[in-house]
Amino acid sequence: MIHNDEVIQGNTAAARPAGKNKILLSVPTAESAAFFPPQSRIALEQFGDVVEVPPSRLVDLDAFEAVAAEANIFITAWGFPRLTGAYLELAPLLELVVHAPSSIRALVSDDFWSAGLPISQAGAAMAPAVAEMSLTLTMSLLRRTHRLDHAMRNGVAWEQARNISRAREIGGARIGVVGASRTGRKYIAACRALNADVRIYDPYISSDDPLSKNTCGLDELIEWAEVLALHAPETPETRGLITRDHIFSMTAGTLVVNTARPSLVDMEALYEAVSAGRLDVALDVYDVEPLPEADRWRSLPGALLTPHVGGATLESRQRAGHIVVDEIRRHLSGERLQHSIDQTQLKRMG
């Protein structure tokens, strides 16, 4: 097992000749150029030798050892093997892990935390993109775009297609936000900029937080909101947070936006409410992904669906690559990481 002293003190940049760093870059092939376009790739290569291997080819321990044994920095993404003791023992020089996407829950293990290795992630890069997607979905629901599109594409007569509940503007709309996360805060700021009335449920907002004056209890929020937007992380505390009782206590016509995690809400109850026409919903996340072609959600006129792409913009990927490059630079320069995560922080993160 790797010990903290061996990694942090014995294999720092100061003890390694310049240009001799070995960086394992392991991002799915389809996303590699998005995270690391030429300028970012050149910046990486200035730190040392970069070996690129897709995560899917590293699950086998022998294949992992062949590329990880001499690497002192890992750049990881979706599908990278969980860093258990079996993998860590094959990477004796490892001193830093930087995760290009957001959540590191599937990557780290108790063995990893015991090793004392620093880990950083680029989740901050996705927050503006997901917030913008959530805002887009919010405004689409308010304007009934999903229902109009569904009617027009399914041959509904013109006048009948126009005969929907009157569309709303976001200005003055009562928007309840569950979770003042990085994404949640950007969404809140965007809604306020468009003159929406925003209230928030997040038990971790401190009294000196500027958002604290706009907080309320969850039950109160659900009763008050015309739009309920979910921006909390998935943790043991938040799984099933929005219950069947909450869903059926919502005022008829309430709009629900979920770009966070499906586990936050009772999806069965939500489906029942949407299929009955009580609520309309916009979803970017699902219990089963990819969403099957014949899935029941796909046929509902009251459901606006996107295939889990909230954070996948050109700009967000490039921002993530910049964060990865800068975190490696900071590590090699002996500076403090800006996006590091420890075990305690992870308990409250997605």
Is it the case, given these coordinates, that Ala151 is at pLDDT below 95, surrounded by 13 or more Cβ atoms within 10 Å (Cβ to Cβ) and either polar (S, T, N, Q) or under 25 Å from Ala252 (Cβ atoms) (or both)?
yes
I'm checking my understanding of the structure. Among residues of the range 180-195 that are touching a strand residue (DSSP E or B) at 6+ places or on another chain (Cβ under 8 Å) and crowded, with 22+ Cβ neighbours inside 10 Å, which one is farthest from Ile170 (Cα to Cα)?
Ala180
Just one of the numbered conditions (1) assigned to a helix (DSSP H, G or I); (2) buried (at least 20 other Cβ atoms within 10 Å of the Cβ) is not true of Asp326; which one?
(2)
If you take the residues of the range 329-350 that are more than 19 Å from the chain's Cα centre (by Cα), part of a helix (DSSP H, G or I) and in contact (Cβ under 8 Å) with a residue 40 or more places away in the chain, which of them is farthest from Phe74 (Cα to Cα)?
Ser333
Need a quick list: helices (runs of 4 or more DSSP H) entirely within the range 169-281 having at least 1 residues that are more than 18 Å from Thr136 (Cα to Cα).
218-224, 244-249, 267-275
Scanning the range 120-132 for residues that are assigned to a helix (DSSP H, G or I) and crowded, with 24+ Cβ neighbours inside 10 Å gives Gly123, Ala125, Val130, Ala131
With the requirement that a residue be in a helix (DSSP H, G or I), without any contact (Cβ under 8 Å) to a residue 40 or more places away in the chain and surrounded by 13 or more Cβ atoms within 10 Å (Cβ to Cβ), what does the range 286-323 give you?
Trp297
Cβ-Cβ below 8 Å, separation at least six or inter-chain, first residue in the range 8-35 and under 14 Å from Val97 (Cα atoms) and in the same structural domain as His99 (by TED's automatic domain parsing), second modelled with pLDDT under 95 and of a type in the set (Gly, Ala, Ser): which pairs?
Asn21/Ala13
So which residues in the range 210-236 are more than 19 Å from the chain's Cα centre (by Cα) and either within 23 Å of Ala125 (Cβ to Cβ) or polar (S, T, N, Q) (or both)?
Leu211, Ser212, Asn214, Thr215
Test Val274 against the criterion of being touching a residue at least 12 places away in the same chain (Cβ under 8 Å), within 20 Å of Ala232 (Cβ to Cβ) and in the same structural domain as Asp202 (by TED's automatic domain parsing), and give yes or no.
no
If you go through the range 168-179 one residue at a time, do you hit one that is at pLDDT below 95 and among the aliphatic types (A, V, I, L, M)?
no
Would you point out which residue out of Ala115, Ala106, Ala100 is in contact with a Phe, Trp or Tyr (Cβ under 7 Å, 6 or more places away or on another chain), assigned by TED's automatic domain parsing to the domain that holds Arg330 and in contact (Cβ under 8 Å) with a residue 12 or more places away in the chain?
Ala100
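The values are calculated or read from the model by the stated rules, or taken from the named source; none is laboratory data. Quantities reported herein were computed from a predicted structural model and do not represent experimental measurements. Because the Cβ atoms are built from the backbone with ideal geometry, glycine has one as well, and the counts that use them run over all protein chains shown.
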